[in-house]
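Inspection log for the structure reproduced underneath, given as structure tokens.
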Amino acid sequence: MLSNGAPGYAAIHSRVRVMYAALLTPADEIRLREAADLPALVGLLKDTAYGPYLSTLDDKDITPRRVVFQIKQRISDLYLSIIHSVPTHARPLMIQLFRHFELDNLKAVLRGIVSASSWEQVRDILFPLGSLSTLPAENMLAAGTIEAALALMPRGAYSETISHALQRYNEEQSLFPLEVALDLDYWRRLWLDANRLTSEDRTQALRILGPQLDMNNLMWALRYKVYHHLSEEEIINYTLPSGYRVRDENIRAIAAGANIAGIVEGIYPGLDNIEGLLEQPESGLPKLELLLQRRLKQQFSTVFTGYPFHIGLPLAFVMLLELELQDLKVLIEAKSAQMASAEFAPYLLLNTNPGNLSA
């Protein structure tokens with residue numbers, strides 16, 4: 001495989017373009033939103049790129065968890081295909097990005113232990129990691145305690161973080177500090193991998209991953225302040241010190257109780273009615289996150305209109321694919337619960353008008 005520059009990306013450029021063309025369209029969205037129920041939704045999805053992964057489902061197999069799992073399988077296959085196709089120097093970044101699904105699996109197993117869930121209950125919510133799977137998830141759940149489960153993990157990227165966070169878990173008997181430590185470690189490693197790239201690859205990786213990191217870090221700080229009422233010191237300790245546009249002073253200002261709307265407007269100039277949106281922050285934060293995700297979707301899509309021979313194209317595609325997964329989860333749960341379109345449509349990212357990010 002050619003390793004650098006345009007030659008190294010020539011083959012994967014064509015492949016990602018084909019994958020990008022298979023993303024759900026606005027016309028698909030209209031049809032999916034109008035589906036009468038979950039079986040009807042699945043029937044419509046069988047006519048999309050998800051069809052091969054849903055074709056074996058009979059009506060008796062159609063449950064929200066089963067459908068979501070099959071959709072995750074397609075996303076996993078696409079991710080792995082891209083990971084094995086990018087130039088060698090970019091592969092560590094793509095693998096680390098994919099690892100957040102493994103991190104989600106780890107959290108699911110640990111929560112399953114705390115809630116005394118069965119393997120069948122936990123298995124159905126895990127993300128299929130294919131050849132990159134490293135967690136002995138079933139054995140970990142069977143271990144019965146957090147300490148025993150973590151002892152079964154292979155030594156690797158999580159080991160040092162878990163070692164330090166386990167003491168807090170034992171003191172508080174809460175998974176919260178352990179999960180936060182894992183999240184922060186994951187994003188530090190991803191950001192480090194992005195910065196290790198050179199030239200156009202580094203620029204594009206930071207351009208795409210930076211806004212996602214910023215949004216996560218900002219929403220962490222805001223949730224800790226608004227929902228959990230953590231102390232100033234805890235908020236600072238449980239967030240990243242800086243990112244792409246979010247700075248240390250932004251996080252510290254939130255932790256100290258500064259005006260949230262003013263901070264958000266400073267980071268994201270041009271967003272409409274942030275003051276009104278956050279007048280009641282408890283209900284406003286989910287709307288703010290949706291607004292920022294729509295902004296991300298627009299930014300990721302613009303990558304496909306520029307020079308294509310860099311890591312940005314595959315990165316942008318998998319990020320768009322994950323946003324599509326988010327929308328499909330909303331649709332699946334809504335149709336399973338027989339919700340009216342007016343109840344769930346505001347939470348969808350599909351077919352968003354880029355010029356109306358405050359909707």
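Bear in mind these aren't lab numbers, they're just calculated from the coordinates by the rules spelled out. Computed from a predicted model, the values in this text were never measured in an experiment. Neighbour counts run over all protein chains shown; Cβ positions are idealised from the backbone, glycine included.
Hey, for a label at Glu234 modelled as a point 7 Å past Cα toward Cβ, could you say which residues of segment 253-294 have their backbone N under 15 Å away?
Zone members listed by number: 255-257.
Among Tyr307, Tyr347, Tyr244, Tyr158, which comes first, second and so on when ranked by fewest other beta-carbon atoms within 10 Å?
In increasing order of surrounding Cβ atoms, one gets Tyr307, Tyr347, Tyr244, Tyr158.
Count of lysine pairs in the chain with Cα atoms under 25 Å apart, counting only pairs 8 or more residues apart in sequence or on different chains?
Value for the chain: 20.
Name all residues of segment 90-110 having a backbone nitrogen under 18 Å from the label point set 7 Å from the Cα of Leu132 along its Cα→Cβ direction, giving them as ranges.
90-108
By its C-alpha gyration tensor, with a ≥ b ≥ c as the square roots of the eigenvalues, how is segment 150-240 shaped: rounded for a/c under 1.5, else prolate for a/b larger than b/c, else oblate?
Oblate shape, in that a/c is at least 1.5 and b/c is the bigger or equal ratio.
Using a simple spin-label model with points 7 Å from Cα along the Cα→Cβ vector, what separation in nm is obtained for Ser14 and Arg202?
Using points 7 Å along Cα→Cβ, the separation is 3.2 nm.
Just subtract the alpha-carbon distance of Ala345 and Glu147 from 0.36 nm times their residue separation and send over the number in nm, one decimal. Don't skip to the end; give the middle numbers.
Details: separation 198, 0.36 × 198 = 71.28 nm, distance 4.21 nm.
Going from the current span to full extension adds 67.1 nm.
Relative contact order, percent, of the chain when contacts are C-alpha pairs under 8 Å separated by at least 6 residues?
Once normalised by length, the contact order is 22 percent.
As an exercise, find the ratio Rg/Rh for segment 88-197 from alpha-carbon atoms, using the Kirkwood inverse-distance average for Rh. Write out the running numbers ahead of the final one.
On the way: Rg = 14.2 Å, Rh = 14.6 Å.
Taking Rg over the Kirkwood Rh, I get 0.98.
Where the convex hull is taken over the Cα atoms of the chain, what is its projected area averaged over directions, in nm²?
18.4 nm²
Tell me, Glu324, Glu232 in order of fewest to most beta-carbon neighbours within 10 Å?
Details: Glu324 18, Glu232 13.
Arranged by neighbour count, lowest to highest, Glu324, Glu232 become Glu232, Glu324.
State, to one decimal in nm, how far the label point of Ala337 lies from the label point of Leu192, with both points 7 Å from Cα in the Cβ direction.
Taking the two extended label points, one gets 4.0 nm.
Sort Asp214, Asp58 by Cβ crowding within 10 Å, fewest neighbours at the top.
Asp58, Asp214
Please compute the modelled spin-label separation between Ser174 and Ala21, points set 7 Å along Cα→Cβ, answer in nm with one decimal.
A separation of 5.2 nm, rounded to one decimal place.
Calculate for the chain the 222 nm mean residue ellipticity that helices alone would give, adding -39,500 (n - 2.57) per DSSP H run of length 4 or more and normalising by residue count, nearest 500 deg cm²/dmol.
-21500 deg cm²/dmol
For the chain, set up a GNM with springs between Cα atoms under 10 Å and report which of Ser341, Ser301, Ser131 has the largest fluctuation.
Judging by the Gaussian network model, the answer is Ser131.
Can you check what the net charge comes to around Gln326, using other residues whose Cβ is under 14 Å from the Cβ of Gln326 (Lys, Arg +1; Asp, Glu -1)?
Neighbour charge sum, excluding Gln326 itself: -3.
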